[in-house]
Amino acid sequence: TAAWPAIREGRHTLIAAPTGSGKTLAAFYAVINDLLVRGLEGRLTAQTCVVYVSPLKALSNDIHRNLEAPLAGIQDELARQGLPPVAITAAVRTGDTPNSERQQMLRHPPHILVTTPESLYVLLTSAGGRAMLKGVERVIVDEIHAVVGDKRGSHLALSLERLAALTEQPLQRIGLSATQKPIDLVARFLVGTQG
């Protein structure tokens, strides 16, 4: 929860905490709260607002499943309080995503897109993908230590810069990892030319 004020203020944020301590949930809850408030105020548009990048495809699918339960819980609580439903959508886009689902995402962009570094690159190279990503406000990079200092990390750093250049407003970057040594190097990787 210590990261929530920084995330709410739109600052680049690097969350360093032990495995299993709730880093991912902390980042997601902060951004989901923002989407929920916008939805209740009638300001939530049908566009992708958050990109969650995980270097592990299986982890991406786990996160998608983990998102469904909190989002369903939010709907239940809204109904319990007599408030209108707010449909916050999430989708996974990896190399294994069937073409029909990819096309559906382009036609109806999810509010939260869960993807891998490689699939983010592919999206940034297509006209449809760029159109879907231009409204992104936040990018969450999980397990950031796993890509810092290798070719995959260089590739992701380039994609993050391309995403930042594409978005209609400044891109907030949120990094998550239990292992961040040296932490200043990881922070520089996260913010790129934005720092």
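The values are calculated or read from the model by the stated rules, or taken from the named source; none is laboratory data. Note that the structure is predicted; figures quoted are calculated from it, not measured. All Cβ positions, glycine included, derive from the backbone under ideal geometry; neighbour counts span all protein chains shown. Each accessible area value is taken on the protein alone, full model and side chains, heavy atoms only, with ligands, DNA and RNA left out. Shrake-Rupley method; radii C 1.70, N 1.55, O 1.52, S 1.80 Å.
Convex hull volume of the C-alpha atoms in the chain, normalised per residue: 118 Å³. Positive end of the dipole of the chain (Cβ unit charges, origin at the Cα centre): among 73, 106, 86, the Cα lying farthest that way belongs to 106.
In a reduced charge model with +1 at each Lys and Arg Cβ and -1 at each Asp and Glu Cβ, the chain shows a dipole moment near 320 debye about its Cα centre. The residues packed around residue 187, meaning those with a beta-carbon under 14 Å from its beta-carbon, carry a net charge of +3 if Lys and Arg are +1 and Asp and Glu are -1.
Report the residue, chosen from 83, 171, 14, that carries the largest GNM mean-square fluctuation when the chain is represented by alpha-carbon nodes joined by springs under 10 Å. Its mean-square fluctuation being the largest, the pick is 83. When shorter helices are ignored and each DSSP H run of at least 4 residues is given -39500 (n - 2.57), the per-residue value for the chain at 222 nm works out to -15500 deg cm²/dmol. Which percent of the accessible heavy-atom area of region 3-113 goes to carbon and sulfur, probe 1.4 angstrom? Its accessible area is 55 percent carbon and sulfur atoms. In this label model, residue 168 and residue 38 are separated by 1.0 nm, measuring between points 7 Å along each Cα→Cβ vector.
Shown is the FRET efficiency for residue 161 and residue 2, computed with R0 = 30 Å from the Cβ-Cβ distance and rounded to the nearest 0.05: 0.60.
Comparing 80, 93, 43 in a Gaussian network model of the chain where C-alpha atoms under 10 Å apart are linked, the largest mean-square fluctuation is found at 80. Over region 1-134, Cα pairs under 8 Å with separation of 6+ residues give a relative contact order of 27 percent. A crude spin-label estimate for the pair residue 96 and residue 154, with each label 7 Å from Cα along the Cβ direction, gives 2.9 nm. Solvent exposure of the chain, expressed per residue, is 49 Å² of accessible area, with all protein chains present and a 1.4 angstrom probe. Sequence-distant contacts, meaning Cα pairs under 8 Å at least 6 residues apart, place the relative contact order of region 101-194 at 31 percent. For residue 134 and residue 19, a Förster radius of 41 Å and the Cβ-Cβ distance give a FRET efficiency of 0.75, rounded to the nearest 0.05.
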